[in-house]
Ligand SMILES: [Zn+2]
């Protein structure tokens, strides 16, 4: 079941990605795309080094700040429309509802809530989960931390929102910019969101407008320099060109927060075990334990690359950053 759903997801995603390609040139169609300056430091295109082209989407690195991003990039207005009606995203939401997916995500989310609580004001906090999908994280907050945190979410995908509402969660189908100005929060969580944003800086400025004094923000994004990415490079499914627009390193994610005036309180990389790398590599069947790790990683490296080494060298699958929001 899970295998079939994942297979369907990748087939749909590939179809959707190809719908934006000009059949004449094999490149992203200019009707849907535009050239942009670096979204992190503003450097013009002559400062962007071409890294590779994958399925018609071009990936560059800014030689000024080091950010990797897609350029030309899919136009913002078109993206908004696309997220609301993407067939692939609908299937992704179904996958998020599977018991196997939720089994590993439970520990992952609970660990993150415990980290947030260490940096929170003592009072009962209001939390906003931005891009909350079908609300599994919100559900865990409600089940385990109801006495400390009152959590709500916003999400663009209609199917995800209806799942969340059917569980009795407080989720709205809207963007951050649609929230009333007087709505304030103490905690913001962004799991796998910032890499989808064409303009992350204005977004982080917007968050300030909804922050109570002392509020914190937790951000998790794919690590452009994870061991997994160093193994697979452009073959990684993370480099799709339309959903993921930005690819951060430790330096560039910290720069994004510091440049927007936020105080970085905590940073590390997560999902640091080889089992996580293996699960990501066997993408159609992430939970099949019968497949040996040696199929993906040479035995000599398995011995050398233990979890401590991966953690200490920031090679985990995702970057995690917690910051105090500028007052
Ligand atoms: Zn730059």
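Please verify whether residue 110 is free of Cβ contacts under 8 Å to residues at least 60 places away in the same chain and over 25 Å from residue 243 (Cβ atoms), treating the condition exactly as stated. Yes; evaluated as a whole, the condition is true for this residue. Here residue 122 clears all of (1) part of a loop (DSSP other than H, G, I, E, B); (2) touching a strand residue (DSSP E or B) at 6+ places or on another chain (Cβ under 8 Å); (3) surrounded by fewer than 17 Cβ atoms within 10 Å (Cβ to Cβ) except the condition numbered (2). Can you confirm whether the stretch 234-255 contains a residue that is modelled with pLDDT of 85 or more, in contact with a helix residue (DSSP H, G or I) (Cβ under 6 Å, 6 or more places away or on another chain) and more than 26 Å from residue 42 (Cα to Cα)? Within the stretch 234-255, one or more residues are modelled with pLDDT of 85 or more, in contact with a helix residue (DSSP H, G or I) (Cβ under 6 Å, 6 or more places away or on another chain) and more than 26 Å from residue 42 (Cα to Cα). Which one of these does residue 255 not meet: (1) assigned to a strand (DSSP E or B); (2) over 17 Å from the mean Cα position of the chain (by Cα)? Unmet condition: (1).
So which residues in the stretch 37-63 are more than 9 Å from the ligand (Cβ to nearest atom) and out of contact with any strand residue (DSSP E or B) (no Cβ under 6 Å at 6 or more places or on another chain), if there are any at all? Lay out the reasoning, then the answer.
Step one: filter the stretch 37-63 for residues more than 9 Å from the ligand (Cβ to nearest atom), giving 44-46, 49-60.
Selection gives 44, 45, 46, 53, 54, 55, 58.
Is it the case that some residue within the stretch 28-36 is within 16 Å of the ligand (Cβ to nearest atom) and more than 30 Å from residue 187 (Cα to Cα)?
The initial filter retains those residues of the stretch 28-36 that are within 16 Å of the ligand (Cβ to nearest atom), namely 35-36.
Keeping just the survivors that are more than 30 Å from residue 187 (Cα to Cα) gives 35-36.
Yes, the stretch 28-36 contains at least one residue that is within 16 Å of the ligand (Cβ to nearest atom) and more than 30 Å from residue 187 (Cα to Cα).
One line per residue, one yes/no per condition, for (1) in contact (Cβ under 8 Å) with a residue 60 or more places away in the chain; (2) crowded, with 16+ Cβ neighbours inside 10 Å; (3) touching a strand residue (DSSP E or B) at 6+ places or on another chain (Cβ under 6 Å):
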| residue | (1), (2), (3) |
| --- | --- |
| 229 | no, yes, no |
| 236 | no, yes, no |
| 245 | yes, yes, yes |
| 254 | yes, yes, yes |
| 268 | no, yes, yes |
| 291 | no, no, no |
| 305 | yes, yes, no |
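Pairs meeting the criteria (first residue in the stretch 39-66 and in contact (Cβ under 8 Å) with a residue 60 or more places away in the chain and over 22 Å from residue 204 (Cα atoms), second residue in a strand (DSSP E or B) and within 12 Å of the ligand (Cβ to nearest atom), beta carbons under 8 Å, at least 6 apart or on different chains) are 51/60; 51/61; 51/68; 59/68; 59/69.
The values are calculated or read from the model by the stated rules, or taken from the named source; none is laboratory data. Worth saying up front: this structure is predicted, and the values here are computed from it rather than measured. Reconstructed Cβ throughout: ideal geometry from the backbone, glycine too, with neighbour counts over all protein chains shown.
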